[in-house]
Amino acid sequence: AETIVPDNARAVCGKELPPINPHHTSDNTISILLFYQYIEPQWTKPEHKAAIKRVIEIGTKFNITGRGRVAQEGLNCTLTGKPEDIRSFCYALRHWNDVFNETDFKITDGVAKDKVFKSLSIRKTNELVAYGLAGDKAPSLKKFAGEHLEADEYHQAMQDPDSVIIDVRNAYESAIGHFQPPKGGAKLIDPKMRNSIEFPKWLNSEETQKQLTGKKVLMYCTGGIRCERATALLNQMSTVNEDLKPAKVYHCRGGIERYVKTYPSGGYWKGKNYLFDKRMEQTPDIKDDGAVEKEVSARCCLCLAKCTVYRGQFKCSRSLCGVPVIVCTSCSTMATDKSEKLQCELCREGYRAPSKVPDLVSMKRKAEEIVGDKSDVTTSTSSKQHPLAKKQKKYYTDRLFLRRVPLTATFTKIKDTLGADKVKRLMWLSDKESQAFYGSCIILLSSTTDMKQILDKSTSQAGAKIDGKRIKVTEVFRKDDDEGLFHNFVQTEYP
């Protein structure tokens with residue numbers, strides 16, 4: 001029977017981060033954090049600059065190392081550190097900006113210490129994924145992004161024969177591992193991309209559009225970030241193109257990384273997950289190494305013998321290609337001395353990617369005219385939502401989220417500020433491991449009227465202040481699994 005760990009399938013957005021396993025506290029191990037967060041509307045140039053500075057400050061405070069890219073459209077990071085420091089970093093991001101409550105922080109504990117990054121490098125960039133969709137070409141995620149499926153839901157979706165699966169990674173990544181849907185299930189489509197900038201051209205091709213029309217489209221990538229823009233681009237294109245009409249567009253939340261953790265014996269995943277950190281690759285935890293090797297058909301680009309690992313940073317020598325290639329141990333000297341012989345599989349077969357570039361700016365303008373050019377369709381009530389827009393978020397009518405609460409705050413002070421007759425309960429939010437309080441809490445209120453009055457007060461010119469510091473007050477998203485947040489709750493005066 002297939003082994004499944006359901007808890008690993010669920011994203012941690014807005015939830016406490018997973019506890020540290022006592023077996024993963026050794027000085028010989030570290031933790032790796034993968035995460036991304038898109039910002040919409042995008043940061044202004046001053047906000048972008050401030051964000052880079054803030055991320056570096058938080059990372060430095062908690063001794064975090066690794067690499068990150070920060071653009072006006074958001075950030076994407078692969079970081080390393082001690083288990084408790086990684087979690088403190090995540091909570092600090094949430095405290096700094098509410099948007100990180102929406103972030104799916106993917107943490108792997110118990111990683112060998114030699115996989116740690118030596119320093120922290122946070123780099124300014126124009127685009128998080130090099131699709132060529134920066135600025136006014138970027139499709140709106142709020143209006144067009146595909147629907148998230150958790151890992152176990154994605155597993156079930158791959159059994160549907162009316163679906164197609166698209167690997168939006170580069171071909172050299174797919175060469176050592178990919179999803180293999182069950183017999184009679186979905187059809188796997190390989191875009192054969194050398195790099196991400198080819199994806200819009202591939203979607204624009206007539207052959208691709210015929211394969212996707214009328215089908216449920218399931219996209220996947222390493223951790224989810226490439227699918228966010230890719231699904232949005234497909235939905236945006238289908239809005240204005242009568243020849244491209246997929247039935248529905250989905251992607252796997254957390255990508256291969258979360259799927260493999262959910263199905264430690266492999267599920268429908270075959271081979272290795274190509275990684276961009278010092279681990280180099282990820283395999284299902286309880287799957288035999290020999291079984292994994294048998295599933296990979298990759299080979300050395302020189303002698304063509306079977307080989308399943310990328311080592312030595314060898315690249316295809318063909319003009320305008322330069323993608324990583326596999327070189328076996330026996331051929332490493334030749335690869336170094338005669339690098340002009342190195343050739344990737346796509347160049348070897350003479351494959352040429354579609355060349356017709358869609359008019360992305362014009363397409364975006366037309367699609368948004370059809371949908372309705374709203375800054376946030378998820379909260380708009382003045383116009384009918386387009387079928388491709390995300391479902392409207394639901395909010396509690398009896399609780400509020402407070403942030404930037406001073407460390408000197410008490411339950412009494414908050415009641416005095418917001419109304420002793422309005423605030424019934426208060427739950428302090430803190431790091432589960434360190435118990436450190438980061439200035440956030442959730443309050444339970446007596447009525448909807450009280451909630452509206454407090455929101456009005458917080459947005460007034462005077463604002464709501466505790467010990468002279470203005471606090472931020474926002475509504476709380478309603479989730480299926482937190483109805484019992486205040487059940488059997490014991491109130492405390494201090495954090």
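The values are calculated or read from the model by the stated rules, or taken from the named source; none is laboratory data. All values reported here derive from a predicted model rather than from experimental measurement. Glycine gets a Cβ as well: all are built from the backbone with ideal geometry, and neighbour counts include every protein chain shown. Quick note on the areas: whole protein, heavy atoms, side chains included, nothing else; ligands and nucleic acids left out. Shrake-Rupley method; radii C 1.70, N 1.55, O 1.52, S 1.80 Å.
Please tell me if Ile286 is open to solvent by 60 Å² or more (accessible area, probe 1.4 Å) and in a loop (DSSP other than H, G, I, E, B).
On the way: open to solvent by 60 Å² or more (accessible area, probe 1.4 Å): yes; in a loop (DSSP other than H, G, I, E, B): yes.
Here the answer is yes, as Ile286 does meet what is asked.
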Condition check for Thr3: modelled with pLDDT of 90 or more and surrounded by fewer than 16 Cβ atoms within 10 Å (Cβ to Cβ): no
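Condition (residue is touching a His at 6+ places or on another chain (Cβ under 8 Å), farther than 18 Å from Leu141 by Cβ, part of a strand (DSSP E or B) and open to solvent by less than 30 Å² (accessible area, probe 1.4 Å)) applied to the stretch 81-101: is it met by at least one residue?
No: zero hits.
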Filter pass, Val70 being surrounded by 15 or more Cβ atoms within 10 Å (Cβ to Cβ) and either assigned to a loop (DSSP other than H, G, I, E, B) or under 15 Å from the mean Cα position of the chain (by Cα) (or both): yes
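For the stretch 15-38: of the residues being under 21 Å from the mean Cα position of the chain (by Cα) and in a loop (DSSP other than H, G, I, E, B), which is farthest from Phe401 (Cα to Cα)?
Within the stretch 15-38, the subset under 21 Å from the mean Cα position of the chain (by Cα) is 15-19, 31-38.
Now narrow it down to the ones that are in a loop (DSSP other than H, G, I, E, B): 15-19.
Working: Lys15: 13, Glu16: 15, Leu17: 18, Pro18: 21, Pro19: 23 Å.
Filtering first and then ranking leaves Pro19.
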Here are some residues: Ala138, Ala130. Which one is touching a helix residue (DSSP H, G or I) at 6+ places or on another chain (Cβ under 6 Å) and modelled with pLDDT under 95? Ala130
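Scanning for something surrounded by fewer than 22 Cβ atoms within 10 Å (Cβ to Cβ) and assigned to a loop (DSSP other than H, G, I, E, B), does the stretch 107-117 turn up at least one residue?
Here is the first cut: in the stretch 107-117, the ones surrounded by fewer than 22 Cβ atoms within 10 Å (Cβ to Cβ) are 107-117.
Narrowing the set further to residues that are assigned to a loop (DSSP other than H, G, I, E, B) leaves 116-117.
Checked the stretch 107-117: at least one residue is surrounded by fewer than 22 Cβ atoms within 10 Å (Cβ to Cβ) and assigned to a loop (DSSP other than H, G, I, E, B).
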Do you know which residues across the stretch 260-283 are aliphatic (A, V, I, L, M), open to solvent by less than 40 Å² (accessible area, probe 1.4 Å) and part of a loop (DSSP other than H, G, I, E, B)? Leu275
Here, helices (runs of 4 or more DSSP H) confined to the stretch 145-206 with at least 1 residues that are farther than 25 Å from Gln343 by Cα and open to solvent by less than 40 Å² (accessible area, probe 1.4 Å) are 151-157, 199-204
